[in-house]
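The structure appears below as structure tokens.
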Amino acid sequence: MPKYIAFLRAINVGGHTVKMERLKKLFEALGFSNVETFIASGNVIFDTPSKNTQALEKKIEAHLKKSLGYEVATFIRSASELAEIAGYRPFPESEIAKSHALYIGFLQAPVSAEAKGKLLAAESKIDRFQFRGRELYWLLSASSIKETKFSGPLLEKTLGVPTTLRNVTTVKKLAEKYA
């Protein structure tokens, strides 16, 4: 049975708090098996025979909105996709080592060439971006995230598609554990 990882946006931010045990039960109520959560930032691992990830995203989003009372954008990747995402090197290792962080933006759909161009035109010495499939890789070379003008909501607005961010360390740990 396929294993999937759901990356949820708006879990435990912006005044919303959802205990991971409750989140696990919400996924189990959808008929998913082997449900686990990974850190309290909205990462849920589960098995289901379904292979249509877009339909799964919509099903989860509708259930969470009904259960929690607010929209929770959902981004699903299979365990094998996650291994590929975690293993991809968008920037030289020497640059990653010197940076503050490398984030991976999970997108619900590939972005248009126009949106890519818009974001790439906004690159600076501290913000560099690279796209691959339905992922955005953001290398933040500042000493603090406070130094950048970018944020998850601004990236999403610039790209025109729902997006959620995770630190590459989190993605690698998930891939090591489940892929």
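What follows is calculated from the coordinates using simple rules that are stated; it is not laboratory data. Just so it is clear, the model here is predicted, and its values are computed rather than measured. Counting neighbours? That spans all protein chains shown, and the Cβs are built from the backbone with ideal geometry, glycine included.
Mind putting a number on the dipole of region 69-131 about its Cα centre? Charges go on the C-beta only, +1 for Lys and Arg and -1 for Asp and Glu, and I need it in Debye to the nearest 20. Don't skip to the answer; put the middle values down first.
Numbers: 7 positive and 8 negative charges, 32 e Å.
Computed about the Cα centre, the dipole is about 160 debye.
Using Stokes-Einstein with the Kirkwood hydrodynamic radius over Cα pairs, what translational diffusion coefficient do you get for the chain at 20 °C and a viscosity of 1.002 mPa s, in µm²/s rounded to a whole number?
127
Just from its helices, what would the mean residue ellipticity at 222 nm be for the chain, if runs of 4 or more DSSP H residues each count -39500 (n - 2.57) and the sum is divided by every residue, rounded to the nearest 500 deg cm²/dmol?
Estimated from H runs of four or more residues: -11000 deg cm²/dmol.
Sticking with the crude label model, points 7 Å out along Cα→Cβ, report the distance from residue 100 to residue 55 in nm, one decimal please.
Here the modelled spin labels are 4.3 nm apart.
Take region 88-178, compute every pairwise Cα distance, and split them into 5 Å bins from 0; I just need the percent in each bin.
Pair shares across the bins are 3, 14, 26, 27, 19, 9, 2, 0.
Once phi is turned into θ = phi - 60°, what whole-Hz ³J(HN,Hα) does the Karplus curve with 6.51, -1.76 and 1.60 give for every residue of region 28-38, x standing for Gly and Pro?
Result, rounded to whole Hz: 5, 5, 7, x, 7, 10, 6, 6, 9, 10, 10.
Can you give the Rg to Rh ratio of region 3-82, both from alpha-carbon atoms, with Rh computed by the Kirkwood formula?
On the way: Rg = 11.4 Å, Rh = 12.4 Å.
Rg divided by Rh gives 0.92.
Given H placed on each backbone N at 1.01 Å, which residues far from residue 100 in sequence or on other chains put an amide H within less than 5 Å of it?
Placed amide hydrogens put 140, 141, 142 under 5 Å from residue 100.
How large is log10 of I(q)/I(0) for region 2-50 at q = 0.25 Å⁻¹ when the intensity is taken from the Debye formula with one equal scatterer per alpha-carbon?
Debye intensities relative to I(0), on a log10 scale: -0.89.
Placing unit charges on C-beta atoms (Lys and Arg positive, Asp and Glu negative, everything else neutral), compute the dipole magnitude of region 3-82 about its Cα centre in debye, rounded to 20.
Around 140 debye, computed over region 3-82.
Which lysines have a Cα lying under 20 Å from the Cα of residue 149, excluding residues fewer than 8 positions away in the same chain?
List returned: 98, 116, 118, 125, 157.
Using the charge dipole of region 16-87 (Lys, Arg: +1 at Cβ; Asp, Glu: -1 at Cβ; taken about the Cα centre), state which of 64, 80, 44 has its Cα farthest towards the positive end.
64
Give a residue-ordered list of calculated ³J(HN,Hα) values for region 118-127 (Karplus: 6.51 cos²θ - 1.76 cosθ + 1.60, θ = phi - 60°; whole Hz; x for Gly, Pro).
Each residue's phi maps through the Karplus curve to give 4, 5, 5, 5, 8, 4, 9, 4, 9, 10 Hz.
Give the lysines whose C-alpha is closer than 16 Å to that of residue 24, dropping any in the same chain fewer than 8 places away, or say none.
Those lysines meeting the cut-off are 3, 59, 65, 66.
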